[in-house]
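The values are calculated or read from the model by the stated rules, or taken from the named source; none is laboratory data. Worth saying up front: this structure is predicted, and the values here are computed from it rather than measured. Here the Cβ positions follow ideal geometry from the backbone for every residue, glycine too, while neighbour counts run over all protein chains shown. All accessible areas refer to the heavy atoms of the entire protein, side chains included, with ligands and DNA or RNA removed. Shrake-Rupley method; radii C 1.70, N 1.55, O 1.52, S 1.80 Å.
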Amino acid sequence: MQPYFMPYIGYWQLMATVDMYLVYDDVNYIKGGWVSRNNILLNGQKHMFTITLNGASPNKLFNEITIKDDFKKFSRLIESAYRKAPYYVEISALLEKIYQYEDKSLGIFMLNSFQVVLDYLEIDTKLVLSSTVTKDNKLRGKDKVKHICHLLGADTYYNAIGGRELYDKEDFKADGIDLHFLQTDLVPYTQSTNKFVSGLSIIDVLMYNGKEDTKKLLNEYTLL
């Protein structure tokens, strides 16, 4: 999957479910996507945040783009949104560790942010940058995915539910790969609002659930 900054829980469910998770850092950046933005809960409403990047362009690979943000404004936003949340102090320290990471290359920075959160949640999935895998970069789409699976010795491939429009189970099976799609169940949890707001950044999940309850929510999905 392409790297995103603190994405929604479905992305983390994929990471937590597999043995190895490949972070695509040598494919083209997606303009207008969710790479550098997501939603949090601010004053009881969904609020979009965006972190600033250097050189973001669909003509560049992820690993040709860097993080520009100093996270000072972002940190103040998070404080304003979550200072009364039960796990604010604990998760703020976690986020600070992410902000301070020295390597600002987009793919590497994002991978480290994943690692910090996975370590906190005691999940031992191996994270790999796709740029470190010697492969045929002329391949595209499903052919590239199957190629990488074979290179890494994978007999099973998990994809997000949106992948059902792109990949066919029988096609993968013919190449010796079992294909499954993960459908996230957005289970409500207690927030600072009477009506549950779903699909927010993992930041919201962590702020209101901490380690143990977040780990439980990671198991709320269906494999298809």
So Asp19 and Thr132, fully extended at 0.36 nm per residue minus their Cα-Cα distance, gain in nm 38.9 nm
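Starting from 0.36 nm per residue, how many nanometres of slack lie between Asn54 and Ile123 once their C-alpha separation is accounted for?
Working: separation 69, 0.36 × 69 = 24.84 nm, distance 3.10 nm.
Going from the current span to full extension adds 21.7 nm.
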Taking a probe of 1.4 Å and leaving out DNA, RNA and ligands, region 98-191 shows per residue an accessible area in Å² of 54 Å²
Taking region 55-94, the whole-percent share of alpha-carbon pairs separated by over 13 angstrom is 63 percent
Shape descriptor, the chain: equivalent ellipsoid semi-axes (Cα gyration tensor, sqrt 5λ, whole Å, largest first) stand at 30, 21, 15
Helix 88-99: inclination vs the chain longest Cα principal axis, degrees, rounded to 10, gives 50 degrees
Within the under-10-Å Cβ sphere about Asn63, not counting Asn63, Lys/Arg +1 and Asp/Glu -1 give a net charge of -2
Computed ³J(HN,Hα) along region 138-151: with the Karplus parameters 6.51/-1.76/1.60, θ = phi - 60°, integer Hz and x for glycine or proline, the list is 7, 6, 9, x, 4, 5, 6, 4, 5, 4, 5, 4, 5, 4
If R0 = 30 Å, then Leu139 and Gln100, at their Cβ-Cβ distance, give a FRET efficiency to the nearest 0.05 of 0.20
So, relative contact order of the chain in percent, Cα under 8 Å, 6 or more apart, is 28 percent
Cβ-Cβ cut-off under 10 Å around Leu111, Lys and Arg +1, Asp and Glu -1: the net charge is -2
The base-10 log of I(q)/I(0) that the Debye equation returns for region 1-115 at q = 0.16 Å⁻¹, one scatterer per C-alpha, is -0.79
Gyration tensor (Cα only) of region 56-188 to equivalent ellipsoid, semi-axes in Å sorted down, yields 33, 20, 14
Rounded to the nearest 10, the angle in degrees between the Cα long axis of helix 72-82 and the longest principal axis of the Cα atoms of the chain comes to 70 degrees
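Within the P(r) computed for region 87-155, what percentage of the Cα pairs occupies the region above 18 Å?
Taking all Cα-Cα pairs of region 87-155, the fraction more than 18 Å apart is 53 percent.
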Rounded to the nearest 10 degrees, the helix 106-120 long axis (Cα) sits at an angle to the longest Cα principal axis of the chain of 70 degrees
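Give the carbon-plus-sulfur fraction of the accessible surface of region 56-182 in %, rounded to a whole number; probe 1.4 Å, heavy atoms of protein chains only.
47 percent
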